[in-house]
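Below: one structure, written as structure tokens.
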Amino acid sequence: MQAVSRHGRILNAAFRPGRGTAPVLAFSNSLGTDFRIWDDLLARLPDDWGLLRYDTAGHGLSPGGIGMSIDDHGDDLVALLDSYGIEKAVIVGLSVGGLIAQSVAIRHGDRVAGLVLSNTGMKIGTPEIWNGRAEAIRAGGMDAIGDATMERWFSRAFREGRPAELLRWRTMLVHTPADSYIALGSAIRDADYRDRAGSIAVPTLCIAGSEDSATPPETLRALAATIPGATCEEIAGVGHLPCIEVPDRVADLISTLVERVTA
């Protein structure tokens, strides 16, 4: 892991350089998680690919995030690309990470070789959802949203069949600083790329989970229909975090997108 300085803040990141002309992939994680959510997926990707992960501001070992917009978080990602000398990357964004990826592609398209937009949308949720969740956290702490979040994150089969893993990810969630979670949730609430996503001009793959109630498959289909040339793949029987539930399947889908980028 490395600590990258950004406007007086630290971004916790890990970068494995690629070899030769292999692509570089940059991963942006979801609300309430850190870059460990990608561990099982990265183990299934080719050894010569460049891989960049980082903790979104306010999450994991990256402090800050208060008052930041999704575009601000996108600028963090571009700053990380600069720090590691990465001219272009395939950005893999999950949930809010998918919003961040869209922001970068819209405003810094020359830095993006392709997009994998997993379980996200052009707009996620409603003000009522995000404001209500913030009030629940203020009243009862992060534990107040723990069980409901696990129902959104994971399919029933995962929750019932992999209880030790479920507890691991719930623990990650409830250890997220409440003010950081609320701040990023507010940024999600205020982000809306419905009028701009159509300007994205790189190969794009959208991934949906059939049991994802946070960003249902129709949300991903609408996103794919808006971005010229984008495709959408729905994975049956998974929730909001398919990179954890079915990393083999997600790795295969990412490889398909990379083939389009490098063809």
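Check Thr219, Thr204, Thr226 and return the single one that is open to solvent by 10 Å² or more (accessible area, probe 1.4 Å) and either in contact with a helix residue (DSSP H, G or I) (Cβ under 9 Å, 6 or more places away or on another chain) or among the basic types (Lys, Arg) (or both). Steps first, answer last, please.
Numbers: Thr219 fails: either in contact with a helix residue (DSSP H, G or I) (Cβ under 9 Å, 6 or more places away or on another chain) or among the basic types (Lys, Arg) (or both); Thr204 fails: open to solvent by 10 Å² or more (accessible area, probe 1.4 Å).
Only one candidate qualifies: Thr226.
Taking residues in region 175-199 that are farther than 13 Å from Arg138 by Cβ, and partners anywhere that are among the aromatic types (Phe, Trp, Tyr), the pairs with Cβ atoms closer than 8 Å and at least 6 places apart or on different chains are Ile188/Trp130; Arg189/Trp130. Here Gly98 meets each of (1) in a strand (DSSP E or B); (2) small (Gly, Ala, Ser); (3) open to solvent by less than 10 Å² (accessible area, probe 1.4 Å) with one exception, condition (1). Condition check: open to solvent by 60 Å² or more (accessible area, probe 1.4 Å) and either not in a strand (DSSP E or B) or not β-branched (Val, Ile, Thr) (or both). Does Ala3 satisfy that? It is true that Ala3 is open to solvent by 60 Å² or more (accessible area, probe 1.4 Å) and either not in a strand (DSSP E or B) or not β-branched (Val, Ile, Thr) (or both). Can you spot a residue in region 31-38 that is among the basic types (Lys, Arg) and either buried (at least 23 other Cβ atoms within 10 Å of the Cβ) or within 27 Å of Leu166 (Cα to Cα) (or both)? Looking through region 31-38, at least one residue is among the basic types (Lys, Arg) and either buried (at least 23 other Cβ atoms within 10 Å of the Cβ) or within 27 Å of Leu166 (Cα to Cα) (or both). The condition (being more than 19 Å from Glu259 (Cα to Cα), part of a helix (DSSP H, G or I) and out of contact with any Gly (no Cβ under 6 Å at 6 or more places or on another chain)) is satisfied by just one residue among Leu61, Leu80: Leu80. Counting only residues that are surrounded by 24 or more Cβ atoms within 10 Å (Cβ to Cβ), over 27 Å from Gly237 (Cβ atoms) and not β-branched (Val, Ile, Thr), region 104-130 holds 1 of them. Take the conditions (1) open to solvent by 20 Å² or more (accessible area, probe 1.4 Å); (2) polar (S, T, N, Q); (3) part of a loop (DSSP other than H, G, I, E, B); (4) closer than 22 Å to Thr176 by Cα; Thr56 misses just one of them, which is (1).
The values are calculated or read from the model by the stated rules, or taken from the named source; none is laboratory data. As the structure is a prediction and not an experimental result, all values here were calculated from the model. Backbone-built Cβ (ideal geometry, glycine too); neighbour counts: all protein chains shown. Surface areas here come from the heavy atoms of the whole protein model, side chains and all, with no ligands, DNA or RNA. Shrake-Rupley method; radii C 1.70, N 1.55, O 1.52, S 1.80 Å.
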